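Below is one structure, written out as structure tokens, with a few remarks after it.
The values are calculated or read from the model by the stated rules, or taken from the named source; none is laboratory data. Just so we're clear, the structure is a prediction, and the values are computed from it rather than from any experiment. Neighbour counts are summed over all protein chains in view; Cβ atoms, including those assigned to glycine, are modelled from backbone coordinates with ideal geometry.
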Amino acid sequence: MDDVIKEMEKYAEEKGIPIMQKRGMNFLCKFIEKNNIKSILEIGTAIGYSAINMALVNDDITVVSIERDQDRYIEAIKNIKKCKLEKRITLVLGDALNIDLTGKYDMLFIDAAKAQYIKFFEKYKENLVDDGFVVSDNIDFHGFVENKEEIKSRNLRQLVTKIQKYIDFLTNNEEFDTKFYKVGDGIAITYRKEVKSE
């Protein structure tokens with residue numbers, strides 16, 4: 001299993017595919033274990049790196065993961081089969097904003113198109129159990145969010161502005177509370193007010 005994960009890390013680096021930073025992944029896996037999370041909905045599979053790592057925390061964890069890029073989706077299927085996790089990880093090909101799921105999950109993990117984070121949150125919060133968590137990755141986006149004035153690229157500046165809007169959306173949300181962690185590329189953990197405080 002470790003060999004497959006190392007292979008995936010190498011493949012992602014060679015192909016320039018964004019996967020979760022190792023420290024962030026370790027933090028998330030410990031969080032899943034500590035909070036006894038059993039069902040996870042992931043927005044943004046990429047090559048299946050996070051889904052596999054999350055499923056490996058406990059053998060009764062199930063993951064449903066949505067990916068819109070067909071090549072990455074196919075690569076993720078291969079990786080999941082190599083790890084013999086097909087029974088516990090279900091992949092869905094398509095745009096997460098156009099997919100309707102009826103299931104309820106202990107955790108929603110958002111690690112996809114940064115500009116759409118608010119839309120993903122709003123759409124899928126209904127699929128969260130009452131005391132569930134929303135975990136958002138890339139909240140600091142390589143340190144750029146805190147150092148926006150140093151960004152030369154207009155596109156990157158716009159993206160960072162959208163991440164900042166998402167941070168504001170979480171901070172000022174009337175329904176949910178959020179804790180921010182400076183680990184990996186920045187992680188936010190969100191939960192309904194007065195239900196759970198992690």
Those residues of region 126-137 which are among the charged types (D, E, K, R) and within 14 Å of the chain's Cα centre (by Cα) amount to D137
Scanning region 157-185 for residues that are assigned to a strand (DSSP E or B) and either surrounded by fewer than 17 Cβ atoms within 10 Å (Cβ to Cβ) or touching a Ser or Thr at 6+ places or on another chain (Cβ under 6 Å) (or both) gives F176, T178, K179, F180, Y181
Screening I66, I40, I89 for residues that are surrounded by 15 or more Cβ atoms within 10 Å (Cβ to Cβ) and over 14 Å from the mean Cα position of the chain (by Cα) leaves only I89
Restricted to region 47-63 and to residues being of a type outside the set (S, T, Y) and either touching a strand residue (DSSP E or B) at 6+ places or on another chain (Cβ under 6 Å) or modelled with pLDDT under 95 (or both), the residue surrounded by the fewest Cβ atoms within 10 Å (Cβ to Cβ) is A55
Within region 22-51, the residues that are assigned to a helix (DSSP H, G or I), closer than 20 Å to L101 by Cα and among the acidic types (D, E) are none
Is region 69-82 home to any residue that is over 18 Å from the mean Cα position of the chain (by Cα) and of a type in the set (V, I, T)? yes
Scanning region 9-46 for residues that are acidic (D, E) and out of contact with any strand residue (DSSP E or B) (no Cβ under 7 Å at 6 or more places or on another chain), the one farthest from D130 (Cα to Cα) turns out to be E14
- Query: If we scan region 60-82, do we find a residue that is in a loop (DSSP other than H, G, I, E, B), over 24 Å from K125 (Cα atoms), free of Cβ contacts under 8 Å to residues at least 12 places away in the same chain and out of contact with any Pro (no Cβ under 8 Å at 6 or more places or on another chain)?
  - Reply: no
Just one listed residue, out of K81, K22, K30, K34, is surrounded by fewer than 21 Cβ atoms within 10 Å (Cβ to Cβ), more than 20 Å from S136 (Cα to Cα) and of a type in the set (K, R), and it is K81
